[in-house]
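Undergrad: Below you will find the structure I want to go over with you.
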Amino acid sequence: MLIGRDKEIQELQQAYDSDESKFVAIFGRRRIGKTYLVREVFQDRFAFTYSGMANASTKEQLQRFYLSLKDHGYKSTVKPNNWIEAFYMLEQYLKELPKGKKVVFLDELPWMDAPKSSFMPAFENFWNAWASARKDILLIICGSATSWMVKKILKNRGGLHNRLNNQIHLQPFNLHECELYAKSIHLPLERQEIMEAYMVFGGIPFYWSLLNKSFSLPQNIDALFFGIDSKLKNEFKELYLSLFRQPDAYLEIITVLAKKKIGMTRDEIIENANIATSGLLTKYLEDLENCGFIRRYQAIGSKTKNSLYQLIDNFTLFYFKFMEGRKNTDANYWSKIQMTSVFNSWSGLAFERVCLLHSEQIKKALGISGVITNEYSWRTAATDEHSGAQIDLLIDRSDKVINLCEIKYSDNPYTIDKKYMENLRNKVALFRQITKTRKGIALTMITSSGLVKNSYSMNNIHSQITADDLFMDA
């Protein structure tokens, strides 16, 4: 059963219904559901499918490709010696099929492009010289190696330049979609538990599919991360290896960014990571951004060159907080730390990230979906004149208002007292002083469980958002 993905399904169906041949690329991180999407949409309508093999030689890939052709009904007993011959065989096979749209699905395409395989010229020739000249081919390619897909397909400057008809960047589920998915597989989770699960797994469908409906959420997390032979114990390394052929530099950047919540500038990354000040850093950062591991944003009023890069992938941050470098042998570790200071501190930071990932839902709850906005974070270091300040989310609106958002996570409604209110007022004053903004400032509280009603919350807070608002379908 497909949850969400309505836009992607429509795009694939329109490509299938077209009177022309179409070339569609689907990319996104490992476990996001790319293959599942294609198989669910087309089911028994495939003319040919092949999935590239990880770490296989060209000879092995060609052998498997040929056997797939045989499985689909290809009659020749001559095996291909190279990719030119392999794609020629595919052409001959497709020519013999009955009239109608022929869906060709090549999964994990990056794995087929082994070193010195000459795969790309043969693939380009298959599309440019043969498939695109017909009216009945729907070519769909997928790949988890996002950096390869972007460089070799989306930004191709050779034979595939401007040849792609559709590109689908499959995104993680939001909270609304996770709630629908949890219900579809009969997980007895309330919204607070779904929120906590999102803080751990993010919106990666495969991770959610591993949850056992007979276990509580803490028991599930123990079983998947801390138990003997737990299924996700090695997932972190496998994740980055699947996305990047040489993951060391990416892991170096991720490790550095994990240490600073608000993010780092490019210069700060260079200073703290073992990476040369070369154009390669730009590529690494773009790849990580395309995979959804980091986000790039500007502090309000700053120039592009001072952009901040922030690690926002929940699964990665969970790994660094609770697994990296730890020799934990307690199979019930997660269940035991519930309600401890370590758990509460992590929950607060993780809730902030969930809010940043659901800015569209926040704007919808504020009633400003139709207003042009930019979202920022903001910080200023302490000086002799002031103690510094940090704001996790600013919504800068075209109607001359800025929502200054404070994010608080707690099991019970949050109480704004006199001291906290003074802190907020000082933060607003400092923000105005340093940014010199003339826009109106609307104080917005985003909380997990709402606010206690008192004079401070009722008279000074302009708008309130709760965790329930983040579950909206935006």
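Undergrad: Give me the angle, in degrees from 0 to 90, between the Cα long axis of helix 191-201 and the longest principal axis of the Cα atoms of the chain, rounded to the nearest 10.
TA: Once rounded, one gets 60 degrees.
Undergrad: Return the equivalent ellipsoid semi-axes of the chain as a descending list in whole Å, where each equals the square root of 5 times an eigenvalue of the C-alpha gyration tensor. Please report the intermediate quantities before stating the final value.
TA: On the way: eigenvalues 407, 122, 103 Å².
Listed largest to smallest, the semi-axes of the chain are 45, 25, 23 Å.
Undergrad: Roughly how many whole Å is it from the C-alpha centroid of the range 104-128 to that of the range 12-56?
TA: Rounded to whole Å, the Cα centres lie 15 Å apart.
Undergrad: Which percent of the accessible heavy-atom area of the chain goes to carbon and sulfur, probe 1.4 angstrom? Can you show the working numbers first?
TA: Details: 10770 of 22850 Å².
C and S atoms contribute 47 percent here.
Undergrad: Let me ask something additional. Just to confirm a number: summing +1 for Lys and Arg and -1 for Asp and Glu over residues other than residue 460 whose beta-carbon lies under 14 angstrom from that of residue 460, what do you get?
TA: Working: positive: 418, 419, 425, 427, 453; negative: 406, 417, 422.
Counting the neighbours of residue 460, the net charge comes to +2.
Undergrad: Can you spot the lysines whose alpha carbon is less than 28 Å from residue 213's alpha carbon? Ignore those fewer than 8 places along the same chain.
TA: 34, 183, 231, 233, 237, 321, 336
Undergrad: Related question: If you roll a 1.4 Å probe over the heavy atoms of the protein chains, what accessible area per residue do you get for the range 191-255, in Å²?
TA: Values: 2770 Å² over 65 residues.
I get 43 Å² per residue for the range 191-255.
Undergrad: Something else now. Once the cut-off is 14 Å, how many percent of the Cα-Cα pairs in the range 126-177 end up in the long-distance tail? Kindly include the intermediate steps, with their values, before the conclusion.
TA: Details: 815 of 1326 pairs.
In whole percent, the long-distance tail amounts to 61.
Undergrad: Add -39500 (n - 2.57) for each DSSP H run of 4 or more in the chain, then divide by its residues: what number comes out at 222 nm, to the nearest 500 deg cm²/dmol? Write out the running numbers ahead of the final one.
TA: Details: 22 runs with 199 residues, N = 474.
For the chain, the value works out to -12000 deg cm²/dmol.
Undergrad: Next up: Within the range 168-200, whose backbone N sits under 15 Å from a point 7 Å along Cα→Cβ of residue 474?
TA: Correct set: 171-178.
Undergrad: With angles folded into 0 to 90 degrees, how steeply does helix 83-95 sit against the dominant principal axis of the chain? Use alpha carbons for both and round to 10.
TA: Its long axis makes an angle of about 80 degrees.
Undergrad: Here's something else I'd like to know. Please work out the C-alpha center-to-center distance from the range 399-472 to the range 323-367 and express it in whole Å.
TA: The distance from the Cα centre of the range 399-472 to that of the range 323-367 comes to 21 Å.
Undergrad: Can you tell me what the convex hull of the Cα atoms of the range 197-324 projects to on average, as an area in nm²? Kindly include the intermediate steps, with their values, before the conclusion.
TA: On the way: hull surface 34.6 nm².
Projected area, direction-averaged: 8.7 nm².
Undergrad: Loop-only check: which trypsin sites (Lys or Arg not before Pro) in the range 71-132 are DSSP coil with at most 13 other Cβ within 10 angstrom? Let's see the in-between values first.
TA: Values: sites: 75, 95, 99, 101, 102, 116; in loops: 75, 99, 101, 116.
Passing sites in the range 71-132 are 75, 99, 116.
Undergrad: Right, something else. Restricting attention to the range 340-426, which GluC sites (Glu not before Pro) occupy a DSSP loop and are surrounded by at most 16 other Cβ atoms within 10 Å?
TA: On the way: sites: 352, 360, 375, 385, 406, 422; in loops: 385.
Counting only loop positions with at most 16 other Cβ atoms within 10 Å, the GluC sites (Glu not before Pro) in the range 340-426 are 385.
Undergrad: For the range 310-445, what are the per-bin percents of Cα-Cα distances with bins 10 Å wide, up to the bin holding the maximum?
TA: 9, 33, 33, 18, 6, 1
Undergrad: Using only Cα atoms and rounding to the nearest 10 degrees, what angle (0 to 90) does helix 341-356 make with the longest principal axis of the chain?
TA: 70
Undergrad: Turning to a different aspect of this structure: Take the residue pairs 363/439; 7/408; 116/151 and return only those whose Cα atoms are more than 25 Å apart.
TA: Details: 363/439 18 Å; 7/408 33 Å; 116/151 17 Å.
Check vs 25 Å cut-off fails for 7/408.
The values are calculated or read from the model by the stated rules, or taken from the named source; none is laboratory data. Since the model is a prediction, treat every value here as computed from it, not as a measurement. Every residue, glycine among them, receives a Cβ derived from its backbone with ideal geometry; neighbour counts consider all protein chains shown. Just so you know, the surface numbers come from the protein's heavy atoms only, side chains and all, with ligands and any DNA or RNA stripped out. Shrake-Rupley method; radii C 1.70, N 1.55, O 1.52, S 1.80 Å.
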